[in-house]
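A short write-up of the structure that comes next.
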Amino acid sequence: MKKKWWHDKVAYQIYPKSFMDANGDGIGDLRGIISKLDYLKDLGIDIIWLSPVYQSPFVDQGYDISDYYKIAEEFGTMQEFDVLLAETKKRGMYVLMDLVINHCSDQHEWFQKALQNPYGKYAGYFYFVKGRDGKEPSNYRSYFGGSAWDPVPGTDLYYLHMFSKEQPDLNWENPELRKEIYQMINWWMEKGLAGFRIDAIINIKKDLSFPSYEPDGLDGRASCVKMVEDVQGVGEYLEDIKHHTFDQYDAFTVAEVFNMKDDELSEFIGEDGHFSSMFDFSAHILGQGENGWYDNKKPSFQAWRDTIFESQLELQRIGHVANIIENHDEPRGASRFLPEHAKNEAGKKMLATTSILLYGIPFIYQGQEIGMTNCRRKDISEYDDISTKDQYQEAIAAGCSVEQAMEYCFEYSRDNARTPMQWNDAVGAGFTQGKPWLALNPNYTDINVEEQEKREDSVLSYYKKLLALKKAPEYKETFTYGRFVPDYQKEDSVFAYHRICRENGGQDILVAANYGTKAVTLKMKSLSGKVLLSNMGKEEERGREIFSEGTLTLESCEAAVILL
Ligand code: TEU
Ligand code: CA
């Protein structure tokens, strides 16, 4: 594998609206982010991914862009953005922006002009399609519920939106549109970005005949994803984008890809693939219901572990994957992946250990490093997220009680990860002097940065040690390029793997954790090893306790990183 500048880096996702509010209006902003750069540097972060900060009506929290060249007023000014870039550079850090180009906002000038002249130039930037028999062109359900088609007023046309009706899909068949997007990407790259996280990109290829599919829900519609899964040829667009933009800057691109075809992996992230990297969502789609959250199945520990292992084994042969526990679309990992008995600091450290040392580039989501958790609400009106509201309705329509539907929101809502960052235990959690745009998780009095910074055994202190270990000169090569080799898979509660690096003198590092309720004893290939990191006390001391005549004993919720 050709070595790239970003292979050994650690990335951090900022959800700007909820990270840090500098002016007291309750909304996180750029100045807030700038004020926390030292915090991120100290944590061990190299690359920052900003969820969208462009001008937007925020129907989908900024994933509906109304001007690609402007910073949202709520977040600040372009000048402040330039300061942010300069300040990250000063600290040897990199910035990725979010590239949302499958759709824009219905408030974007292009769409407004298209509505004014539904047969003119700008209508060609979108999918304006004639209805069939006075109805929508096809029976697609959008990702956020309801039809994926809405009428173009005063015509017999409909426009396509795979997400909300305020997010019209852009027409990638149109070379003029593509040119506009490439110019925009290059304009941002010229400013000094390191690259982009690329949103929902698989959706840009459409089957222009827009076939209807067998209905798959109570509403008589079929998920629009059926068409995405069927249609061929997205790769041509992806190559075209890369050629006209990223390639010219040695950019780092990490794509959000769902529903890729099985054999396309190497085209996507192999050597000279469309992207530098893409997120591994295998553990996140596991157990996903056909019909929505009410239909999800909770995977067992073994299924979860084995899914990650399978994915690692496949991906490491092909490219450098991006690993996450959570993001702004997913519930908090500590609430989701830890068994009940492990929902504590030891458990959170264990989850961090087994996840961050996997093959690939770790993306930490804001608050993960202090072990933030899902947030219970009393009523659906307390949620802001468009997808949560839809999923709640879906559950009710399927016959669930209000209590049940609320329980699904507690488990799966995107707002679980979007509550404001918990900086301290003051009113406003140190996030804002005003009223937060989305209510805080009340546990900020217990779980917050300030408290954890004071404590050597906190989750935050552990993350710092973990990231420092990943980058330590003696082990860096192994954690970056070392082969992933699963171990002890027959043990029901153990999550263990080696990272073995031929280029680093055959260095063999075992990452082992016990997710079970009882201690386990594992046979080792060597007599003992050197504990590089432990979530249960001082490494040297712990090393003397856990090895005995070629065995390794791990307590419940114990994780250890061992040089063999
Ligand atoms: O998500 C794309 C995506 O596929 C979503 O449907 C995702 O599965 C969903 O959020 C789960 O509830 C991206 C962004 O990450 C998301 O925040 C945006 O809402 C979406 O694109 C539209 O831009
Ligand atoms: Ca603000």
Test for Lys70: is it more than 16 Å from ligand 1 (Cβ to nearest atom), surrounded by fewer than 18 Cβ atoms within 10 Å (Cβ to Cβ) and at pLDDT 95 or above: yes
Set Asp98, Asp60: member being within 14 Å of ligand 1 (Cβ to nearest atom), outside any helix (DSSP H, G or I), touching a helix residue (DSSP H, G or I) at 6+ places or on another chain (Cβ under 8 Å) and of a type in the set (D, E, K, R): Asp60
Enumeration of residues in the range 453-483 that are more than 24 Å from Gln316 (Cβ to Cβ) and assigned to a loop (DSSP other than H, G, I, E, B): Lys454, Arg455, Glu456, Asp457, Ser458
Residues of the range 245-285 that turn out to be in a loop (DSSP other than H, G, I, E, B), within 20 Å of Lys2 (Cβ to Cβ) and of a type in the set (Phe, Trp, Tyr), as a count: 2
Test result for Phe144, of a type in the set (A, V, I, L, M, F, W, C) and farther than 30 Å from Trp293 by Cα: no
Qualifying residue in the range 101-108 (condition: surrounded by fewer than 18 Cβ atoms within 10 Å (Cβ to Cβ) and within 29 Å of Tyr444 (Cα to Cα)): no
Qualifying positions in the range 34-51 - away from ligand 2 (no atom under 16 Å from the Cβ), in a loop (DSSP other than H, G, I, E, B) and either of a type in the set (D, E, K, R) or touching a Gly at 6+ places or on another chain (Cβ under 9 Å) (or both): Asp46
Residue count, the range 14-33 (criterion: aliphatic (A, V, I, L, M), in a loop (DSSP other than H, G, I, E, B) and either within 16 Å of ligand 1 (Cβ to nearest atom) or under 17 Å from Ile364 (Cβ atoms) (or both)): 1
So Glu477, is it over 22 Å from Thr373 (Cα atoms), surrounded by fewer than 21 Cβ atoms within 10 Å (Cβ to Cβ) and under 31 Å from the mean Cα position of the chain (by Cα): yes
Members of the range 302-350 found to be assigned to a helix (DSSP H, G or I), away from ligand 1 (no atom under 16 Å from the Cβ) and without any contact (Cβ under 8 Å) to a residue 60 or more places away in the chain, listed by number: Ala303, Trp304, Thr307, Ile308, Glu310, Ser311, Glu314, Leu315, Ala334, Glu340
Contacts under 6 angstrom Cβ, first residue in the range 141-164 being free of Cβ contacts under 8 Å to residues at least 60 places away in the same chain, partner in a loop (DSSP other than H, G, I, E, B) and of a type in the set (Phe, Trp, Tyr), 6 or more apart: Leu160/Tyr127
Scope the range 63-77; condition of a type outside the set (Phe, Trp, Tyr) and within 16 Å of ligand 2 (Cβ to nearest atom); matching residues: Ile71, Ala72, Glu73, Glu74, Gly76, Thr77
The listed residue being touching a helix residue (DSSP H, G or I) at 6+ places or on another chain (Cβ under 6 Å), aliphatic (A, V, I, L, M), part of a strand (DSSP E or B) and crowded, with 21+ Cβ neighbours inside 10 Å, out of Ala496, Ala513, Ala429: Ala513
Residue match in the range 401-417 (condition: outside any loop (DSSP other than H, G, I, E, B), within 16 Å of ligand 1 (Cβ to nearest atom), surrounded by fewer than 18 Cβ atoms within 10 Å (Cβ to Cβ) and modelled with pLDDT of 95 or more): yes
The one condition in (1) within 16 Å of ligand 2 (Cβ to nearest atom); (2) free of Cβ contacts under 8 Å to residues at least 24 places away in the same chain that Pro16 fails to fulfil: (2)
Criterion (in contact with a Lys or Arg (Cβ under 7 Å, 6 or more places away or on another chain), in contact (Cβ under 8 Å) with a residue 40 or more places away in the chain and buried (at least 18 other Cβ atoms within 10 Å of the Cβ)) met by exactly one of Asp64, Asp98: Asp98
Residue check, Asp207 at pLDDT below 95, over 23 Å from the mean Cα position of the chain (by Cα) and either more than 16 Å from ligand 2 (Cβ to nearest atom) or β-branched (Val, Ile, Thr) (or both): no
Selection status of Asp150, surrounded by 18 or more Cβ atoms within 10 Å (Cβ to Cβ), of a type in the set (D, E, K, R) and more than 15 Å from Asn203 (Cα to Cα): yes
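The values are calculated or read from the model by the stated rules, or taken from the named source; none is laboratory data. What you are looking at is a predicted structure, and each value in this text was computed from that prediction instead of being measured. Here Cβ is always computed from backbone atoms with ideal geometry, including for glycine, and neighbour counts include all displayed protein chains.
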